[in-house]
Amino acid sequence: MSRSRTAILAALALVAGASGTALAVVPGDAGIAAAPCTVDYKVQNDWGSGFTASVTVTNNSAAKSSWAVKWSYAGSQKVTNAWNAKVTQSGAAVTAANESYNGTLATGGSASFGFQGTYSGSNAVPATFTLDGVTCNVDGGGPTDPGPTDPGPTGPSTKVDNPYAGAKMYVNPEWSAKAAAEPGGSRVSNQPTAVWLDRTAAINGVNGGMGLRDHLDAALTQKGSGELVIQLVIYNLPGRDCSALASNGELGPTEIDKYKTQYIDPIAAILADSKYAGLRIVNTIEIDSLPNLVTNTGSRPTATPQCDVMKANGNYQKGVGYALNKLGDAPNVYNYIDAGHHGWIGWDDNFAPSAALFKEAATTEGATVNDVHGFITNTANYSALKENNFTINDNVAGKSVRESKWVDWNRYVDELSFAQGFRNQLVTTGFNSGIGMLIDTSRNGWGGTARPAGPGATTTVDTYIEGGRYDRRIHIGNWCNQAGAGLGERPQAAPAAGIDAYVWVKPPGESDGSSSAIPNDEGKGFDRMCDPTYTGNPRNGNNLSGALPNAPISGHWFSAQFQQLMQNAYPPLP
């Protein structure tokens, strides 16, 4: 090498050291040296104890068939989950190696990957990166530098009217395996069910199970060249389920900041990954939350102190609003707010107030009604889809059906009529006229030998209803592992006016709650409504709970229930 060229390179090395940029000569280059590689490391979201980051490496040297990017952290950062690269960590040293599908890196080509991590103290961007052992230029790199937007895979530029139309639905491999392992379970194991994110740990996977990215990656595989809907349940509000104990959550009534930064923000970051832009992602937002503030507070006989607390602090509305705002920005994400069921808010004094409360939640924490694509009813519940043997307008022996003990002055007798009627109320209250409804039909089939073929005797209005109703619960307020229930209509798109889909959001066979107290580390309590010997409270008219015995804690597999659901399915299973 000539003396003059050595001097030039020495000067370039001094410049590189001052700027944090490392330079080297591309083989055969007779001019000024160019960086053999560039790394762009950006922190996308940082919530104080954790973060997500994206990394793009550009190769300016000879083409590669495999690659590995390495760096070291100056602080306590630990990578917990990664995508589009195999990431390992030893102490502070991190290695990100290509996946089988992105190992080729042409001259001038780039590869991108991302990850989620935890830390305490500071979260400084690493100063030095190498590609296959050669130091790279660091491009940008600040936590507040968003950099250029990666368009990622081609996805829909605007939301479609009904995300279920013309699309397959994601079959959860974990649920499918449990269903298929049951005798006769192969008849339904290919049905789509929702993925429940019922605690922060579920984002990355619990006890070696699939995390959110694992499910989204599996959905991409199932999608193929067509359209696919993957259904998620966002379910971790502070003071969750204030009127029930079986599904209490991990966050206390005041922990709204944890809900935002440790739960919603990481989910939002994953859903916004351009890798998943081609999926239609449907979120069911916080089941069994907002209706509690209408029906189980104040001077009502069904009120609980816990619900009064949540009404006073406003954290249900804040949490729902924040989730809608953060999750609803991407054009391929569709938010459906949980709207209870007809046996909860179908009465005159609950109907319009519930719609007004939903509007309040949907317009707080930066959310607008445009972040709401629709609503879902009967989530994880048992209300019959359609009662064919009577209508709300029938009169028997001089009395309206509304005067019967079962209907008890409700305006609705089944979920389909309620969902369609409540949709109209929601539009009147200020939601967009194009909103659609979902109905969870996973456990409301009520078939089998107990299903009546026609109406009851017209002796009294009660004999008429009791002899003809499909829903065989002891009381419409019973909700836990109900005896006699069956699988309902199979998931399908656009089955009725105003209804976007019938869905199985509650995976059949997963318990609603334990029959007796069972210690656990999941934040799940024991609710007497899951105890078959319990004689009730004002919310179920002080009746027996109607629950199956020997049930595990909520979310755990309950074989006896699954077998019953298949036996009583309507439409019947083949």
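Of everything in the range 179-212, what is in a helix (DSSP H, G or I), closer than 24 Å to S49 by Cα and out of contact with any helix residue (DSSP H, G or I) (no Cβ under 6 Å at 6 or more places or on another chain)? Give them in sequence order.
A201, A202
Condition (residue is open to solvent by less than 40 Å² (accessible area, probe 1.4 Å) and under 20 Å from D414 (Cα atoms)) applied to the range 522-533: is it met by at least one residue?
Within the range 522-533, none of the residues are open to solvent by less than 40 Å² (accessible area, probe 1.4 Å) and under 20 Å from D414 (Cα atoms).
What number of residues within the range 332-360 are in a loop (DSSP other than H, G, I, E, B) and without any contact (Cβ under 8 Å) to a residue 60 or more places away in the chain?
Final tally of qualifying residues: 1.
Quick check on my filter: what residues within the range 409-418 are open to solvent by less than 80 Å² (accessible area, probe 1.4 Å) and farther than 12 Å from R469 by Cβ?
Correct list: N410, Y412, E415, L416, S417, F418.
Y464 - would you say it is crowded, with 17+ Cβ neighbours inside 10 Å and under 15 Å from E415 (Cβ atoms)?
Taking the combined requirement at face value, the residue does not satisfy it.
Are any residues in the range 43-70 over 17 Å from Q89 (Cβ atoms), hydrophobic (A, V, I, L, M, F, W, C) and out of contact with any Pro (no Cβ under 8 Å at 6 or more places or on another chain), and if so, which ones?
V57, A63, W67 - these are the residues of the range 43-70 that are over 17 Å from Q89 (Cβ atoms), hydrophobic (A, V, I, L, M, F, W, C) and out of contact with any Pro (no Cβ under 8 Å at 6 or more places or on another chain).
Somewhere in the range 496-513, is a residue open to solvent by less than 50 Å² (accessible area, probe 1.4 Å), in a strand (DSSP E or B) and hydroxyl-bearing (S, T, Y)?
Yes, the range 496-513 has at least one match.
Quick check on this structure: which one of I553, I476 is assigned to a loop (DSSP other than H, G, I, E, B), touching a Lys or Arg at 6+ places or on another chain (Cβ under 6 Å) and open to solvent by less than 20 Å² (accessible area, probe 1.4 Å)?
I553
Does the range 290-309 include one or more residues that are of a type outside the set (S, T, N, Q), within 20 Å of the chain's Cα centre (by Cα) and closer than 28 Å to D531 by Cα?
Within the range 290-309 (the criterion being of a type outside the set (S, T, N, Q), within 20 Å of the chain's Cα centre (by Cα) and closer than 28 Å to D531 by Cα), the answer is yes, since at least one residue qualifies.
Identify all residues within the range 49-71 that are assigned to a loop (DSSP other than H, G, I, E, B) and either of a type in the set (S, T, Y) or touching a helix residue (DSSP H, G or I) at 6+ places or on another chain (Cβ under 7 Å) (or both); write none if there are none.
Within the range 49-71, S49, S61, S65, S66 qualify.
For the structure I just gave you, tell me whether G555 is modelled with pLDDT under 95 and closer than 23 Å to W196 by Cα.
yes
Every residue, every condition in (1) small (G, A, S); (2) in a helix (DSSP H, G or I); (3) crowded, with 23+ Cβ neighbours inside 10 Å, yes or no:
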{"site": "G278", "(1), (2), (3)": "yes, no, no"}
{"site": "V282", "(1), (2), (3)": "no, no, yes"}
{"site": "V294", "(1), (2), (3)": "no, yes, yes"}
{"site": "S299", "(1), (2), (3)": "yes, no, no"}
{"site": "K311", "(1), (2), (3)": "no, yes, no"}
{"site": "V320", "(1), (2), (3)": "no, yes, yes"}
{"site": "N325", "(1), (2), (3)": "no, yes, no"}
{"site": "A330", "(1), (2), (3)": "yes, no, no"}
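If T441 meets every condition in (1) of a type in the set (V, I, T); (2) open to solvent by less than 10 Å² (accessible area, probe 1.4 Å); (3) in contact with a His (Cβ under 9 Å, 6 or more places away or on another chain) apart from one, which number is that one?
All conditions are met except number (3).
The values are calculated or read from the model by the stated rules, or taken from the named source; none is laboratory data. Only a predicted model underlies this, so the values are computations on that prediction, with no experimental measurement involved. Positions of Cβ are generated from backbone atoms using ideal geometry, with glycine treated the same way; all protein chains shown enter the neighbour counts. We work out accessible area using only protein heavy atoms, side chains counted, and drop any ligands, DNA or RNA first. Shrake-Rupley method; radii C 1.70, N 1.55, O 1.52, S 1.80 Å.
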